[in-house]
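The values are calculated or read from the model by the stated rules, or taken from the named source; none is laboratory data. In this text, all values refer to a predicted model and were calculated from it rather than measured experimentally. As a convention, Cβ positions derive from the backbone with ideal geometry for all residues, glycine included, and neighbour counts pool all protein chains shown.
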Amino acid sequence: MSGHKSNDATMPSDISNHKPFFDRFATGASNFASKAWFFAACLTLVLIWAPSVFLFPSIDTWQLVINTATTIVTFLLVALCRTPRPATTTPPSTSSTRSPPVSRR
């Protein structure tokens, strides 16, 4: 006996391509939120919110609206973006941050 189970995945090709629902959702949300138009929409909401100070009975309520909205969105986006990436994602290259070897003569 080699101590190796026959159903263990030992190679990347042994792993199923099926992604759980949350991983698919997180990937879709990350792709959705990483677009330039999503940033523009968020900026537009802030620009609409800023002059709405006159619509609220107090400045505290006005600030509470934007603080609550941004806190919830930030929390959810951070939770989604921190999910593990698939094994096919390559890490960023560190070769550009290393300085070339110095030759001393």
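Couple of notes before you dig in:
- Of the residues in the stretch 46-62, at least one is assigned to a loop (DSSP other than H, G, I, E, B) and hydroxyl-bearing (Ser, Thr, Tyr).
- Residue that is modelled with the lowest pLDDT [pool: residues in the stretch 9-40 that are of a type in the set (S, T, N, Q) and over 16 Å from the mean Cα position of the chain (by Cα)]: Ser13
- Here the stretch 31-56 is the region considered, the condition is being of a type in the set (Gly, Ala, Ser) and within 22 Å of Arg82 (Cα to Cα), and the residue that is surrounded by the most Cβ atoms within 10 Å (Cβ to Cβ) is Ala33.
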